[in-house]
Amino acid sequence: MGKRTWLAPLAGVQVLGVERSSGGGWVVSAAGPGHGSCPACGTPSKSRHSTYLRRLQDLPSQGARVTVQIRTARLRCRNPCCDRQVFAEPLPGVAEPRLRFTRRLSNLALLLGHNAGGRPAERVLACLGIPLSDDTVLRYLRRWAAQNAGSQVRVLGIDDWAWRKGQTYGTLMVDLERRAVVDVLPHRSSSTTADWLHGHPEVRVISRDRHGLYAEGARAGAPQAAQVADRFHLIQNLRERIEQQLGRLGRPLRPGASVAAEIEESRAGLHGVREDLFGQVRALYDAGRTATEITQEFGLSRRRVDRWIRLEALPKRNLPSPTSASPSLFLDHLTRRWAEGCTVATRLFTEIKHLGYTGCYTHLARFVASWRRREEDGAMGCSKPPGQPLPRDPTTGRPLSPLTAAALCIKPRTQLTARQASIVDAMKTASPEFAGMRQLAMRFRGILRGGRAEKLDGWCEDAKRSGIDAMRRFARTLQRDRDAVHNALTMPWSNGQTEGQISRLKTLKRAMYGRAGADLLRARLLPL
């Protein structure tokens with residue numbers, strides 16, 4: 001065992017000797033260079049004040065622990081204007097300041113912690129003969145992430161991710177040019193997004209989904225940036241509108257009924273439908289029918305049928321508690337103002353903003369849209385008849401759900417299987433409304449794929465004149481976000497890379513169990 005074994009990792013210091021330690025490992029004695037620059041003012045110095053022994057843990061040698069003992073000098077700063085009179089000589093080629101292991105050992109711990117996490121890295125390092133705890137690995141990983149934060153980004157992708165689905169959300173920032181995560185924010189709000197963008201004035205393009213919070217935050221924090229709506233979310237929003245149209249109840253507002261009473265009646269009515277369906281399932285099961293036969297009879301999922309046949313009574317659904325980002329938290333104020341005749345969504349939005357509402361305008365407009373439609377139907381003295389039941393599958397005879405029908409409505413003919421094509425033909429024959437929605441959906445897909453922005457305005461006008469409520473509403477939302485949709489057709493950027501990084505974030509979050517804080521997620525998502 002000679003001195004040359006450690007010359008490469010100890011570049012910049014003088015190796016004096018190697019000897020066995022009492023514990024069976026190796027001890028490398030070395031001396032520092034004896035000079036350095038003051039970390040406060042940068043003045044070089046060779047004036048020695050004193051020395052001390054710095055012990056560093058190095059990579060093991062054939063399983064044996066290696067400790068490096070470096071005689072390090074304390075130097076005087078010769079700059080009379082500097083507040084730092086004495087400083088320790090730096091060892092840039094060996095170790096970072098205040099760390100008790102060498103740079104190459106810290107790089108190995110950082111690599112394992114970044115890719116595997118704290119506990120797995122601890123187990124791997126123990127097998128290599130390096131006794132480092134998971135807390136030490138994660139602490140070094142967080143310190144590295146704090147030192148490497150704040151990178152420049154020109155094309156930014158923004159999307160949300162769920163801490164707890166349906167309750168709390170965070171925000172992910174991705175550099176679409178480098179295809180790398182820039183930052184992880186623990187909250188989802190327009191103010192948080194605007195504050196982050198204020199610190200990055202170099203952003204020129206922002207790709208986002210149709211979430212109104214990010215549109216507001218981008219306008220407030222980066223007015224110089226062009227916003228780009230994600231093309232996938234445009235198709236997804238269209239499918240959701242078609243699904244709502246196919247599964248609508250079409251029930252008008254009763255004369256003299258308040259909006260709050262109408263909401264409660266709607267909830268009670270939906271629960272009554274579930275109770276009736278639950279009773280039919282239980283009756284067939286008690287009569288000796290199997291779960292498979294019941295699933296085919298009603299078109300329900302096998303998971304729901306298996307759960308229902310084990311219950312004696314259907315439990316009521318637990319509604320989540322409304323948060324400050326939900327308009328339902330301000331239901332009393334909204335219903336009172338609506339009864340007073342204030343039906344302008346922008347005015348209601350301003351009022352509840354002063355009451356603590358942190359959500360976006362889009363959520364509020366969607367929340368009160370059903371009230372407006374029901375009052376319009378009630379004022380006309382007529383109601384929309386409930387939609388005709390969707391035709392059954394010609395092959396199996398099972399009823400089609402609105403979700404399945406909407407998915408087939410926006411799917412091109414070339415991508416349909418023979419069975420799906422027969423379903424689409426049957427639906428077009430049975431429902432002229434479905435045929436009109438499919439024609440508009442295929443035109444919209446062609447505009448998106450061809451990047452023909454000049455045809456977007458014409459499509460919106462045709463959708464408004466179609467007489468189909470879902471198409472009219474979708475066209476109005478497109479025109480409110482016209483610039484971002486136009487940029488989606490003319491620019492190559494999309495949020496696909498952001499969605500992929502969110503999938504990676506979810507994997508890391510589940511693998512780390514309860515240790516997945518925002519700072520640790522940021523550290524593991526930032527590229528090495």
Are there any pairs, at least 6 apart or on different chains, whose C-beta atoms fall under 6 Å, with the first in segment 223-241 and open to solvent by 30 Å² or more (accessible area, probe 1.4 Å) and the second part of a loop (DSSP other than H, G, I, E, B), and if so, which?
ARG231/SER494; ASN237/ARG210; ARG239/ILE410
Please go through segment 442-499 and pick out each residue that is among the aromatic types (Phe, Trp, Tyr) and part of a helix (DSSP H, G or I).
PHE444, TRP459, PHE474
Within segment 423-438, of all residues that are among the hydrophobic types (A, V, I, L, M, F, W, C) and open to solvent by 10 Å² or more (accessible area, probe 1.4 Å), the one nearest to LYS411 (Cα to Cα) is ALA435
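Determine, yes or no, whether ALA441 is open to solvent by less than 20 Å² (accessible area, probe 1.4 Å) and among the small types (Gly, Ala, Ser).
On the way: open to solvent by less than 20 Å² (accessible area, probe 1.4 Å): yes; among the small types (Gly, Ala, Ser): yes.
Taking the combined requirement at face value, the residue satisfies it.
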Select from segment 473-508 the residues that are in contact with a Gly (Cβ under 7 Å, 6 or more places away or on another chain) and under 12 Å from VAL228 (Cα atoms) and write down the one among them that is surrounded by the fewest Cβ atoms within 10 Å (Cβ to Cβ).
THR490
Residues located in segment 175-193, provided they are among the aliphatic types (A, V, I, L, M) and open to solvent by 60 Å² or more (accessible area, probe 1.4 Å)
none
Tell me which residues, restricted to segment 470-496, are in contact (Cβ under 8 Å) with a residue 60 or more places away in the chain and over 17 Å from GLN236 (Cα atoms).
ASP483, ASN487, MET491, TRP493
Find the residue count for segment 133-143, including only residues that are closer than 13 Å to GLY117 by Cα and open to solvent by 20 Å² or more (accessible area, probe 1.4 Å).
5
Residues that are surrounded by 20 or more Cβ atoms within 10 Å (Cβ to Cβ), farther than 27 Å from TYR513 by Cα and of a type in the set (A, V, I, L, M): does segment 93-104 have at least one?
yes
Would you pick out the residues in segment 314-362 that are under 30 Å from GLY279 (Cα atoms), among the hydrophobic types (A, V, I, L, M, F, W, C) and open to solvent by 70 Å² or more (accessible area, probe 1.4 Å)?
LEU319
Is there a residue being modelled with pLDDT under 80, over 21 Å from SER190 (Cβ atoms) and surrounded by fewer than 16 Cβ atoms within 10 Å (Cβ to Cβ) anywhere in segment 398-408?
yes
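The values are calculated or read from the model by the stated rules, or taken from the named source; none is laboratory data. Keep in mind it's a predicted model, so treat the numbers as computed, not measured. No Cβ is skipped: glycine too gets one built from the backbone with ideal geometry, and neighbour counts run over all protein chains shown. SASA here: full protein model, heavy atoms, side chains in, ligands and nucleic acids out. Shrake-Rupley method; radii C 1.70, N 1.55, O 1.52, S 1.80 Å.
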